[in-house]
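The values are calculated or read from the model by the stated rules, or taken from the named source; none is laboratory data. As the structure is a prediction and not an experimental result, all values here were calculated from the model. Here the Cβ positions follow ideal geometry from the backbone for every residue, glycine too, while neighbour counts run over all protein chains shown.
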Amino acid sequence: MRLSDVVERLGLEVLARGNPEREVNWAYTSDLLSDVMAGAQPGDMWLTIQRHMNIVAVAKLRDLTGIVLAKGIKPAQEVVDKAREEGIALMVSDKPLFELCGELYQLLRGRG
Amino acid sequence: MDRQVFAYSVVSTGSFDDVGVVSTEIKRDLEEAGVEKDTVRRVAVICFEAEMNLALYTERGGNIQVVVEPDRVDIYVEDDGPGIEDVEKAMQPGYSTAPLWVHELGFGAGMGLPNMKENSDIFEIVSELGKGTKIHSVVFRRKEDAA
């Protein structure tokens with residue numbers, strides 16, 4: 001499913017667009033950066049409540065499709081700027097992480 | 001070109017805000033050098049964790065050198081202290097000496113060195129307390145993964 005479709009279906013607020021045409025293969029959830037470096041696969045979407053600047057570098061280095069911050073967590077403007085500069089999609093959802101994961105899981109499994 | 005050498009220095013700023021800048025640069029340089037994606041990703045993980053360690057634990061930062069050869073990529077990481085007290089322990093997944101504030105920023109999972117080893121085909125680490133740490137990592141290039 002394309003990133004732009006995921007954004008629409010989950011009602012995400014987009015802070016940085018990234019590549020909306022990119023395919024979201026699967027997703028990974030963690031707030032520990034090294035864990036994401038170890039476990040996330042290229043093409044994964046990353047769901048987290050970690051808002052620190054380094055999430056952009058991690059997403060870039062792992063070739064992730066984008067970052068979704070749950071619970072309405074808003075990153076600092078520098079983080080948004082960095083994401084735009086690096087071409088990383090950065091999105092926000094008001095839903096708690098667990099619900100967001102559940103919805104995305106259904107969606108990517110084709111049962112949305 | 002048969003062999004390309006890239007050299008970087010990581011500054012220890014006491015802040016995490018710029019961490020990832022060097023490894024992002026390394027990733028870009030290797031992509032421009034025509035290194036296949038899978039290799040770039042593995043090198044990027046190794047360099048990210050190295051950069052993190054240099055920024056987090058050293059007083060003066062350190063150096064990362066990346067040597068691209070037709071069949072392999074060598075990564076050399078070097079700093080002049082403080083050194084790792086128990087390398088064997090530090091290599092165990094989950095072992096961390098990071099303080100709480102580091103954990104809260106999403107670091108200190110105790111996966112830095114294990115991640116580096118996991119992504120390396122050869123991984124060597126030498127550390128001496130008060131002197132510094134040297135790491136040599138090799139990633140063999142697999143042409144079938146060529147981007």
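Structural remarks
- Any hit, the stretch A:57-68, residues being in contact with a strand residue (DSSP E or B) (Cβ under 9 Å, 6 or more places away or on another chain), at pLDDT 95 or above, surrounded by fewer than 21 Cβ atoms within 10 Å (Cβ to Cβ) and assigned to a loop (DSSP other than H, G, I, E, B): no
- Scanning the stretch B:32-45 for residues that are within 11 Å of another protein chain (Cβ to nearest Cβ) and either surrounded by fewer than 16 Cβ atoms within 10 Å (Cβ to Cβ) or farther than 17 Å from B:TYR76 by Cβ (or both) yields B:LYS37, B:ASP38, B:VAL40, B:ARG41.
- Residue in the stretch B:104-120 that is under 26 Å from A:ASP63 (Cβ atoms), in contact (Cβ under 8 Å) with a residue 12 or more places away in the chain and among the aromatic types (Phe, Trp, Tyr) present: yes
- Residues being over 16 Å from A:THR29 (Cα atoms), of a type outside the set (D, E, K, R) and within 12 Å of another protein chain (Cβ to nearest Cβ) are represented in the stretch A:57-65 by at least one member.
- Total residues in the stretch A:19-39, condition surrounded by fewer than 22 Cβ atoms within 10 Å (Cβ to Cβ), outside any strand (DSSP E or B), touching a helix residue (DSSP H, G or I) at 6+ places or on another chain (Cβ under 9 Å) and more than 7 Å from chain B (Cβ to nearest Cβ): 6
- Residue selected from the stretch A:68-82 under the condition more than 12 Å from chain B (Cβ to nearest Cβ) and in contact with a Leu (Cβ under 9 Å, 6 or more places away or on another chain), by the criterion nearest to B:GLU25 (Cα to Cα): A:VAL80
- Test: residue in the stretch B:91-109 that is at pLDDT below 90, surrounded by 14 or more Cβ atoms within 10 Å (Cβ to Cβ) and of a type in the set (Phe, Trp, Tyr): yes
- Count of residues meeting criterion [assigned to a loop (DSSP other than H, G, I, E, B) and either at the interface with another protein chain (Cβ under 10 Å from one of its Cβ atoms) or small (Gly, Ala, Ser) (or both)] in the stretch B:88-128: 12
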